[in-house]
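Structure first, commentary second.
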Amino acid sequence: MVFVNQVSEIVHGICDTYHGSPNKIIGGNSFLVVWRIRETDQEVRAKIADMAMMSFVCITIEVQKSNTLAVYRFHPGLQQRFPNFRVTLGFGLHCGWAIEGAIGSEYKIDASYLSPNVNVASQLEAASDQLGLWILLSNYMVKLCSDELLSYFRMVDNVMLEGSKKTLRLYTLDLDHSRVSVKPKLRGTKKKARLWTSDFDIVEILSEHSDFVEMREPYSKEFFERFAVGVRNYEAGEWLVARDLFLTCHYSEVVWCFKCFVLKVDSADGLRVSDGFGVSDQELCRNSHSPERPVDGPVLALLEFMERSLDTSISRHFPKRAPKSSGWITG
(Lines give C-alpha, C1' and ligand atoms only; values in the text may rest on other atoms or scores of the structure.)
Protein backbone atom coordinates (compact mmCIF):
# COMPACT_ATOMS: atom_id res chain seq x y z
CA MET A 1 0.00 0.00 0.00
CA VAL A 2 2.77 2.42 0.91
CA PHE A 3 4.56 1.80 -2.39
CA VAL A 4 1.41 2.29 -4.49
CA ASN A 5 0.59 5.52 -2.65
CA GLN A 6 4.11 6.82 -3.24
CA VAL A 7 3.72 6.25 -6.97
CA SER A 8 0.15 7.60 -6.93
CA GLU A 9 1.35 10.91 -5.54
CA ILE A 10 3.57 11.41 -8.57
CA VAL A 11 1.10 10.12 -11.16
CA HIS A 12 -1.92 12.02 -9.85
CA GLY A 13 -0.02 15.26 -9.25
CA ILE A 14 1.51 15.49 -12.72
CA CYS A 15 -1.63 14.35 -14.55
CA ASP A 16 -3.65 16.99 -12.72
CA THR A 17 -1.08 19.65 -13.66
CA TYR A 18 -1.53 18.77 -17.33
CA HIS A 19 -5.34 18.79 -17.09
CA GLY A 20 -5.79 15.04 -16.79
CA SER A 21 -8.38 13.43 -14.51
CA PRO A 22 -7.08 10.51 -12.41
CA ASN A 23 -9.99 8.10 -12.13
CA LYS A 24 -9.09 4.95 -10.21
CA ILE A 25 -6.46 2.34 -9.45
CA ILE A 26 -7.14 -0.98 -11.17
CA GLY A 27 -5.89 -4.18 -9.61
CA GLY A 28 -3.63 -2.33 -7.22
CA ASN A 29 -0.99 -1.62 -9.86
CA SER A 30 -2.66 0.24 -12.76
CA PHE A 31 -3.92 3.81 -12.99
CA LEU A 32 -6.76 5.00 -15.21
CA VAL A 33 -6.32 8.64 -16.24
CA VAL A 34 -8.63 10.46 -18.64
CA TRP A 35 -8.29 13.62 -20.71
CA ARG A 36 -11.67 14.90 -21.88
CA ILE A 37 -11.83 16.19 -25.46
CA ARG A 38 -15.03 18.12 -26.01
CA GLU A 39 -13.72 20.80 -28.36
CA THR A 40 -13.91 20.49 -32.13
CA ASP A 41 -11.04 22.92 -32.75
CA GLN A 42 -8.11 20.85 -34.03
CA GLU A 43 -5.46 22.98 -32.31
CA VAL A 44 -7.15 22.57 -28.94
CA ARG A 45 -7.49 18.82 -29.43
CA ALA A 46 -3.83 18.57 -30.41
CA LYS A 47 -2.79 20.52 -27.32
CA ILE A 48 -4.76 18.20 -25.07
CA ALA A 49 -3.10 15.19 -26.70
CA ASP A 50 0.34 16.81 -26.32
CA MET A 51 -0.35 17.49 -22.65
CA ALA A 52 -1.27 13.85 -22.10
CA MET A 53 2.00 12.78 -23.70
CA MET A 54 3.96 15.42 -21.81
CA SER A 55 2.49 14.27 -18.51
CA PHE A 56 3.63 10.69 -19.08
CA VAL A 57 7.15 11.84 -19.98
CA CYS A 58 7.28 13.95 -16.80
CA ILE A 59 5.97 11.04 -14.72
CA THR A 60 8.61 8.61 -15.94
CA ILE A 61 11.34 11.22 -15.39
CA GLU A 62 10.18 12.06 -11.89
CA VAL A 63 9.85 8.40 -10.91
CA GLN A 64 13.54 7.98 -11.75
CA LYS A 65 14.52 11.15 -9.89
CA SER A 66 12.47 10.42 -6.78
CA ASN A 67 14.49 9.96 -3.59
CA THR A 68 11.60 8.06 -2.08
CA LEU A 69 11.38 5.47 -4.86
CA ALA A 70 15.17 5.22 -5.21
CA VAL A 71 15.23 3.36 -1.88
CA TYR A 72 13.78 0.28 -3.62
CA ARG A 73 16.87 0.04 -5.86
CA PHE A 74 18.88 -1.06 -2.82
CA HIS A 75 16.30 -3.38 -1.26
CA PRO A 76 18.14 -6.70 -0.67
CA GLY A 77 15.15 -8.88 -1.55
CA LEU A 78 14.40 -7.02 -4.77
CA GLN A 79 18.06 -6.95 -5.82
CA GLN A 80 18.37 -10.69 -5.26
CA ARG A 81 15.35 -11.48 -7.39
CA PHE A 82 15.71 -8.63 -9.92
CA PRO A 83 19.34 -7.53 -10.38
CA ASN A 84 19.72 -3.81 -11.12
CA PHE A 85 16.10 -3.27 -10.11
CA ARG A 86 14.57 0.18 -10.44
CA VAL A 87 10.97 1.36 -10.33
CA THR A 88 9.53 1.89 -13.82
CA LEU A 89 6.01 2.41 -15.11
CA GLY A 90 4.37 1.22 -18.32
CA PHE A 91 1.84 3.33 -20.22
CA GLY A 92 -0.81 2.70 -22.85
CA LEU A 93 -2.33 5.72 -24.59
CA HIS A 94 -5.42 5.58 -26.80
CA CYS A 95 -8.30 7.89 -27.69
CA GLY A 96 -11.98 7.28 -28.40
CA TRP A 97 -15.46 7.59 -26.99
CA ALA A 98 -16.48 6.46 -23.50
CA ILE A 99 -19.56 6.56 -21.30
CA GLU A 100 -18.85 8.48 -18.11
CA GLY A 101 -21.04 7.85 -15.12
CA ALA A 102 -21.57 6.52 -11.63
CA ILE A 103 -21.65 2.76 -11.14
CA GLY A 104 -22.79 1.06 -7.94
CA SER A 105 -25.61 1.20 -5.44
CA GLU A 106 -26.67 3.17 -2.39
CA TYR A 107 -23.92 1.37 -0.46
CA LYS A 108 -21.02 2.17 -2.78
CA ILE A 109 -20.71 4.29 -5.89
CA ASP A 110 -17.71 4.66 -8.18
CA ALA A 111 -17.21 7.09 -11.04
CA SER A 112 -16.11 5.07 -14.03
CA TYR A 113 -15.77 4.92 -17.80
CA LEU A 114 -17.32 2.19 -19.93
CA SER A 115 -15.96 1.73 -23.43
CA PRO A 116 -14.01 -0.76 -25.53
CA ASN A 117 -11.50 2.06 -25.93
CA VAL A 118 -10.64 1.77 -22.23
CA ASN A 119 -9.85 -1.89 -22.82
CA VAL A 120 -7.63 -0.96 -25.77
CA ALA A 121 -5.57 1.37 -23.57
CA SER A 122 -5.26 -1.39 -20.98
CA GLN A 123 -4.06 -3.89 -23.60
CA LEU A 124 -1.53 -1.38 -24.93
CA GLU A 125 -0.10 -1.00 -21.45
CA ALA A 126 0.17 -4.79 -21.11
CA ALA A 127 1.80 -5.07 -24.54
CA SER A 128 4.38 -2.43 -23.64
CA ASP A 129 5.85 -4.86 -21.11
CA GLN A 130 6.02 -7.62 -23.70
CA LEU A 131 7.89 -5.37 -26.13
CA GLY A 132 10.19 -4.01 -23.44
CA LEU A 133 8.92 -0.44 -23.91
CA TRP A 134 7.79 2.12 -21.40
CA ILE A 135 4.88 3.38 -23.54
CA LEU A 136 2.72 2.36 -26.49
CA LEU A 137 0.39 4.67 -28.39
CA SER A 138 -2.25 3.76 -30.94
CA ASN A 139 -2.30 5.37 -34.37
CA TYR A 140 -5.51 7.18 -33.37
CA MET A 141 -3.67 8.88 -30.52
CA VAL A 142 -0.66 9.73 -32.67
CA LYS A 143 -2.91 11.27 -35.32
CA LEU A 144 -4.40 13.51 -32.63
CA CYS A 145 -1.02 14.93 -31.53
CA SER A 146 0.56 18.03 -33.02
CA ASP A 147 2.76 17.76 -36.11
CA GLU A 148 5.80 18.90 -34.12
CA LEU A 149 5.47 15.97 -31.73
CA LEU A 150 5.12 13.34 -34.47
CA SER A 151 8.84 13.38 -35.25
CA TYR A 152 9.60 11.85 -31.82
CA PHE A 153 7.43 8.76 -32.32
CA ARG A 154 8.58 5.43 -33.76
CA MET A 155 6.12 3.03 -35.37
CA VAL A 156 6.95 -0.44 -33.99
CA ASP A 157 4.28 -2.81 -35.32
CA ASN A 158 0.85 -3.34 -36.84
CA VAL A 159 -1.26 -5.54 -34.55
CA MET A 160 -4.74 -6.85 -33.93
CA LEU A 161 -5.75 -6.67 -30.31
CA GLU A 162 -7.75 -9.41 -28.69
CA GLY A 163 -11.46 -8.96 -29.34
CA SER A 164 -10.85 -6.36 -32.06
CA LYS A 165 -11.74 -6.58 -35.75
CA LYS A 166 -9.35 -3.85 -36.91
CA THR A 167 -5.59 -3.64 -36.76
CA LEU A 168 -3.80 -0.87 -34.90
CA ARG A 169 -0.45 0.69 -35.66
CA LEU A 170 1.58 0.92 -32.47
CA TYR A 171 3.99 3.75 -31.76
CA THR A 172 6.45 4.50 -28.99
CA LEU A 173 8.66 7.33 -27.82
CA ASP A 174 12.14 5.98 -27.11
CA LEU A 175 13.66 7.00 -23.76
CA ASP A 176 16.49 5.46 -21.75
CA HIS A 177 15.43 5.55 -18.10
CA SER A 178 18.90 4.69 -16.83
CA ARG A 179 20.20 8.10 -17.98
CA VAL A 180 18.29 9.95 -15.24
CA SER A 181 19.91 10.34 -11.83
CA VAL A 182 18.22 10.71 -8.47
CA LYS A 183 17.91 14.36 -7.49
CA PRO A 184 16.69 15.95 -4.27
CA LYS A 185 14.33 18.47 -5.85
CA LEU A 186 11.58 17.04 -8.00
CA ARG A 187 8.63 18.75 -9.56
CA GLY A 188 8.19 22.49 -9.53
CA THR A 189 4.83 24.20 -9.47
CA LYS A 190 3.14 25.07 -12.74
CA LYS A 191 -0.01 27.12 -13.10
CA LYS A 192 -2.51 25.02 -15.01
CA ALA A 193 -4.01 28.06 -16.71
CA ARG A 194 -0.62 28.96 -18.23
CA LEU A 195 -0.59 25.71 -20.21
CA TRP A 196 -3.44 27.00 -22.36
CA THR A 197 -1.72 30.25 -23.30
CA SER A 198 -0.43 30.59 -26.86
CA ASP A 199 3.15 31.27 -25.75
CA PHE A 200 3.40 27.92 -23.93
CA ASP A 201 4.67 25.51 -26.58
CA ILE A 202 4.61 22.01 -25.09
CA VAL A 203 6.86 20.48 -27.76
CA GLU A 204 9.41 23.27 -27.39
CA ILE A 205 9.47 22.83 -23.61
CA LEU A 206 9.89 19.09 -24.08
CA SER A 207 12.73 19.41 -26.61
CA GLU A 208 14.62 21.73 -24.24
CA HIS A 209 14.07 19.57 -21.15
CA SER A 210 17.55 18.49 -20.03
CA ASP A 211 16.42 15.09 -18.75
CA PHE A 212 14.41 14.39 -21.90
CA VAL A 213 17.39 15.26 -24.11
CA GLU A 214 19.64 13.02 -22.01
CA MET A 215 17.19 10.09 -22.22
CA ARG A 216 16.98 10.43 -26.01
CA GLU A 217 20.75 10.64 -26.52
CA PRO A 218 21.53 6.88 -26.86
CA TYR A 219 19.27 6.45 -29.91
CA SER A 220 21.14 7.21 -33.12
CA LYS A 221 19.63 8.41 -36.38
CA GLU A 222 20.96 5.27 -38.07
CA PHE A 223 18.98 3.08 -35.68
CA PHE A 224 15.68 4.80 -36.49
CA GLU A 225 16.37 4.67 -40.24
CA ARG A 226 17.32 0.97 -40.21
CA PHE A 227 14.30 0.05 -38.12
CA ALA A 228 11.91 2.03 -40.33
CA VAL A 229 13.22 0.35 -43.50
CA GLY A 230 13.08 -3.04 -41.77
CA VAL A 231 9.44 -2.52 -40.79
CA ARG A 232 8.51 -1.51 -44.35
CA ASN A 233 10.10 -4.70 -45.69
CA TYR A 234 8.39 -6.72 -42.95
CA GLU A 235 4.97 -5.34 -43.90
CA ALA A 236 5.70 -5.89 -47.60
CA GLY A 237 6.43 -9.57 -46.97
CA GLU A 238 10.19 -9.28 -47.61
CA TRP A 239 11.00 -11.02 -44.34
CA LEU A 240 14.54 -12.12 -45.16
CA VAL A 241 15.48 -8.53 -46.01
CA ALA A 242 13.72 -7.33 -42.87
CA ARG A 243 15.55 -9.93 -40.80
CA ASP A 244 18.95 -8.79 -42.05
CA LEU A 245 18.10 -5.17 -41.25
CA PHE A 246 16.75 -5.97 -37.79
CA LEU A 247 19.88 -7.96 -36.95
CA THR A 248 21.90 -4.77 -37.43
CA CYS A 249 19.53 -2.47 -35.49
CA HIS A 250 21.63 -1.08 -32.65
CA TYR A 251 20.88 2.05 -30.63
CA SER A 252 24.40 3.40 -31.17
CA GLU A 253 26.51 3.07 -34.28
CA VAL A 254 28.25 -0.31 -34.43
CA VAL A 255 32.01 -0.10 -34.03
CA TRP A 256 33.66 -2.98 -35.84
CA CYS A 257 36.91 -4.58 -34.70
CA PHE A 258 39.84 -2.80 -36.36
CA LYS A 259 42.34 -5.47 -35.25
CA CYS A 260 41.34 -7.70 -38.15
CA PHE A 261 41.67 -6.67 -41.76
CA VAL A 262 42.80 -8.20 -45.03
CA LEU A 263 45.79 -6.77 -46.82
CA LYS A 264 45.63 -7.13 -50.60
CA VAL A 265 48.97 -8.07 -52.15
CA ASP A 266 49.48 -8.65 -55.86
CA SER A 267 51.74 -11.70 -55.87
CA ALA A 268 51.81 -15.34 -56.86
CA ASP A 269 50.63 -16.26 -53.38
CA GLY A 270 47.47 -14.24 -53.81
CA LEU A 271 46.02 -12.46 -50.78
CA ARG A 272 48.16 -12.26 -47.67
CA VAL A 273 46.58 -11.76 -44.23
CA SER A 274 48.26 -9.20 -42.01
CA ASP A 275 47.61 -8.21 -38.43
CA GLY A 276 49.47 -4.93 -38.45
CA PHE A 277 48.51 -1.33 -39.08
CA GLY A 278 50.06 1.42 -41.11
CA VAL A 279 49.27 0.01 -44.55
CA SER A 280 47.21 1.74 -47.19
CA ASP A 281 44.98 -0.99 -48.64
CA GLN A 282 42.95 -2.26 -45.72
CA GLU A 283 39.65 -4.07 -45.67
CA LEU A 284 37.74 -4.28 -42.46
CA CYS A 285 36.94 -7.89 -41.55
CA ARG A 286 33.22 -7.84 -40.82
CA ASN A 287 32.56 -11.57 -41.09
CA SER A 288 35.01 -13.07 -38.61
CA HIS A 289 33.22 -11.65 -35.56
CA SER A 290 29.68 -12.24 -34.33
CA PRO A 291 27.67 -9.01 -34.37
CA GLU A 292 26.39 -7.52 -31.16
CA ARG A 293 22.98 -8.87 -30.16
CA PRO A 294 20.15 -6.34 -30.68
CA VAL A 295 18.55 -5.29 -27.42
CA ASP A 296 15.57 -3.33 -28.72
CA GLY A 297 12.30 -4.93 -27.61
CA PRO A 298 10.32 -4.43 -30.85
CA VAL A 299 13.28 -5.70 -32.90
CA LEU A 300 13.46 -8.92 -30.88
CA ALA A 301 9.69 -9.38 -30.95
CA LEU A 302 9.54 -9.06 -34.75
CA LEU A 303 12.51 -11.40 -35.21
CA GLU A 304 10.88 -14.04 -33.02
CA PHE A 305 7.54 -13.69 -34.78
CA MET A 306 9.18 -14.19 -38.17
CA GLU A 307 11.15 -17.14 -36.86
CA ARG A 308 8.00 -18.83 -35.59
CA SER A 309 6.27 -18.24 -38.92
CA LEU A 310 9.10 -19.17 -41.28
CA ASP A 311 12.26 -21.24 -41.10
CA THR A 312 14.64 -18.28 -41.35
CA SER A 313 17.41 -19.75 -39.16
CA ILE A 314 17.44 -16.69 -36.93
CA SER A 315 17.88 -18.90 -33.88
CA ARG A 316 21.44 -19.77 -34.83
CA HIS A 317 22.37 -16.08 -34.66
CA PHE A 318 20.78 -15.09 -31.36
CA PRO A 319 19.35 -16.92 -28.34
CA LYS A 320 15.63 -16.71 -27.82
CA ARG A 321 14.00 -14.58 -25.19
CA ALA A 322 11.84 -16.19 -22.56
CA PRO A 323 8.26 -16.19 -23.91
CA LYS A 324 5.70 -14.00 -22.19
CA SER A 325 1.98 -14.43 -22.09
CA SER A 326 0.23 -12.05 -24.43
CA GLY A 327 -3.25 -10.68 -24.84
CA TRP A 328 -2.59 -9.39 -28.34
CA ILE A 329 -1.73 -10.80 -31.70
CA THR A 330 0.94 -9.44 -33.98
CA GLY A 331 0.33 -9.36 -37.68
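The values are calculated or read from the model by the stated rules, or taken from the named source; none is laboratory data. Values in this document were obtained by computation on a predicted structure and should not be read as measured data. Note: ideal-geometry Cβ built from the backbone for every residue, glycine included; neighbour counts use all protein chains shown. Ligands, DNA and RNA are excluded from the accessible area calculation, which covers all protein heavy atoms including side chains. Shrake-Rupley method; radii C 1.70, N 1.55, O 1.52, S 1.80 Å.
As a calculated quantity, the FRET efficiency between Ser207 and Ala102 at R0 = 56 Å, using C-beta atoms, amounts to about 0.85. Ordered by 1.4 Å accessible area with all protein chains kept, Arg232, Arg216 run largest first as Arg232, Arg216. Taking the average, over residues, of other Cβ atoms within 10 Å as the packing measure, peptides 120-128, 151-159 rank 120-128, 151-159 from highest down. Within region 25-88, which trypsin sites (Lys or Arg not before Pro) sit in a loop by DSSP and count at most 10 neighbouring Cβ atoms inside 10 Å? Sparse-neighbourhood loop trypsin sites (Lys or Arg not before Pro): Arg38. Two numbers describe the Cα atoms of region 82-160: Rg and Dmax, which are 16.1, 49 Å. Under 5 Å from the amide H of Leu168 lie the amide H atoms of Val159, Met160, Leu161, each residue being 5 or more positions distant or on a separate chain, with H modelled from the backbone and absent for Pro and chain starts. Dipole size of region 72-195 about its Cα centre, with +1 on Lys/Arg Cβ and -1 on Asp/Glu Cβ: approximately 700 debye, rounded to the nearest 20.
Cross-link partners for Lys183 among the aspartates and glutamates, with Cα-Cα distance under 20 Å and sequence neighbours closer than 8 places in the same chain left out: Glu9, Glu62, Glu208, Asp211, Glu214, Glu217. Over all Cα atoms in region 24-151, the spread is summed up by Rg and Dmax: 17.3, 53 Å. Overall shape: prolate for region 1-79, with the ratio a/c of the largest to smallest alpha carbon gyration tensor axis at 1.5 or above and a/b above b/c. Sparsely packed loop sites in region 1-78 (the GluC sites (Glu not before Pro) outside DSSP H, G, I, E and B with at most 16 other Cβ atoms within 10 Å) comprise Glu39.
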